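**Student:** Before I ask anything, here is the structure I am working with.
The values are calculated or read from the model by the stated rules, or taken from the named source; none is laboratory data. The structure presented is a predicted model; accordingly, all values stated were derived computationally and were not measured. A quick note on method: Cβ atoms are made from the backbone with ideal geometry, for glycine too, and the neighbour counts reach across all protein chains shown. Side chains included, ligands, DNA and RNA excluded: accessible areas come from the protein's heavy atoms. Shrake-Rupley method; radii C 1.70, N 1.55, O 1.52, S 1.80 Å.
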Amino acid sequence: MRITKAAKQEMLAILEEWYRGMETALHYTTPFELLIAVILSAQCTDERVNIITARLFAQYNSPDKILELGQAGLEEQIRDCGLFRGKARNIIATCDILCRKYGGEVPADFEALTELPGVGRKTANVVLSQLFHVPAIAVDTHVFRVANRLGLAKGETPLAVEQGLMKAIPREQWSAAHHWLIWHGRKVCKARKPECGNCRLTALCLAFNTNKKTAP
DNA sequence: ATCCCGAGGG
DNA sequence: CCCTCTGGAT
C-alpha cells in the first residue's frame, strides 16, 4: 500500500490545522543558546534540556564564557541530560571555533555549521530554519517515526525521509511542517504507545490502515 | 526494557 | 553498515 499525493496533501492540511503555531519547546534567547540547546537535546527530552540550560545560561550564555567554564565545569552542569562527556567535549570545541573563526557568532551556513563538533545534519537544519529562516526539514527521532508511520515519507535513514518530505511538502511549509510532525510525535503518535484513538489522521495513515487499525 | 528534537568513529 | 556514548522517565 502507498499513500497518494492527494492523501499526503490532506494529511498536511490536517496537521497544519491541528498544530498551527506550535514551535520549539526548547527555551532560548539568542542564536548561541539555541545552538547549545539543540546539541544538548540528543537522546534527551526537551523538558530536561530546559532545566539544564536555565541554570547554565544564567551564568554562561556565550562561547567565551563557556570556554571559561571549561570541560569539567561544563560536564557538571550538563550531567543530567546524558551523553554528557561527549556533549561537553563537542560544545567546548565548538565554542573555541565560534570565538576564533566567527567572532563569537553562529554561522548561517550549512557547511560551516556541520563543521562544528557535535553539529550534524539535523542540528544544522534546526538552526538554519529556526534562526535564519532557511527552508529546511530537520529529521529527528519524531519526524522520522511519524513520517514513516503516516506514509508521508518512507525511508530507512533520516536523510531519505528528509528528501521524501521535501518532495511531499511545499518549500514554504518545510520549517513549519517539521514542528507539526514533532508535536504529533510527542503528543499523539508516540514511539511506544501511539494514541490512535486521539488521532485525526487514522483514515489516511499508512500504519493504521496496514495493521488492522493498530499502529506499530 | 525502551525511548528522549544525534553525532562521531570504526 | 555497525557501535558507543549517558541519565532520566515510563
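**Student:** On the given criteria, is A:LEU116 closer than 21 Å to A:PRO31 by Cα, at pLDDT 95 or above and aliphatic (A, V, I, L, M)?
**Tutor:** Yes, satisfied.
**Student:** Starting from the stretch A:171-192, keep only residues that are within 10 Å of A:ILE137 (Cβ to Cβ), then list their pairs with residues that are within 16 Å of DNA strand C (Cβ to nearest atom) and open to solvent by 40 Å² or more (accessible area, probe 1.4 Å) whose Cβ atoms are within a distance under 7 Å, requiring at least 6 positions of separation or different chains.
**Tutor:** Listed by first residue and then by second, the contacts come to A:LEU181/A:HIS142.
**Student:** Output yes when any residue across the stretch A:2-23 is within 15 Å of DNA strand B (Cβ to nearest atom), at negative phi and open to solvent by less than 20 Å² (accessible area, probe 1.4 Å), and no when none is.
**Tutor:** yes
**Student:** Among the residues of the stretch A:40-60, how many are within 15 Å of DNA strand B (Cβ to nearest atom), open to solvent by 10 Å² or more (accessible area, probe 1.4 Å) and not in a loop (DSSP other than H, G, I, E, B)?
**Tutor:** 5
Here's the yes/no breakdown for (1) in a helix (DSSP H, G or I); (2) over 16 Å from A:PRO63 (Cα atoms):
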residue: A:ARG85; (1), (2): yes, yes
residue: A:ALA88; (1), (2): yes, no
residue: A:THR94; (1), (2): yes, no
residue: A:LYS101; (1), (2): yes, no
residue: A:PRO107; (1), (2): no, no
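**Student:** Could you list, in sequence order, all residues of the stretch A:127-155 that are aromatic (Phe, Trp, Tyr) and farther than 19 Å from A:LYS8 by Cα?
**Tutor:** Matches in the stretch A:127-155: A:PHE132 only.
**Student:** What residue, of A:THR53, A:THR30, A:THR24, is at pLDDT below 95 and of a type in the set (Val, Ile, Thr)?
**Tutor:** Selected residue: A:THR24, the only one of A:THR53, A:THR30, A:THR24 that is at pLDDT below 95 and of a type in the set (Val, Ile, Thr).
Residue by residue, here is whether (1) under 18 Å from A:ILE36 (Cα atoms); (2) in contact with a Leu (Cβ under 9 Å, 6 or more places away or on another chain) holds:
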{"site": "A:VAL106", "(1), (2)": "yes, yes"}
{"site": "A:PHE110", "(1), (2)": "yes, yes"}
{"site": "A:THR123", "(1), (2)": "yes, yes"}
{"site": "A:SER129", "(1), (2)": "yes, no"}
{"site": "A:ASN148", "(1), (2)": "no, yes"}
{"site": "A:GLY151", "(1), (2)": "no, yes"}
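**Student:** With touching a helix residue (DSSP H, G or I) at 6+ places or on another chain (Cβ under 8 Å), in the same structural domain as A:GLN9 (by the TED database) and farther than 22 Å from A:GLU16 by Cα as the only criterion, which of A:LEU152, A:LEU159 stands out?
**Tutor:** A:LEU159
**Student:** While we're on this one: Does A:ILE14 satisfy the criteria of being closer than 30 Å to A:ARG149 by Cα, in a helix (DSSP H, G or I) and in contact with a Lys or Arg (Cβ under 8 Å, 6 or more places away or on another chain)?
**Tutor:** yes
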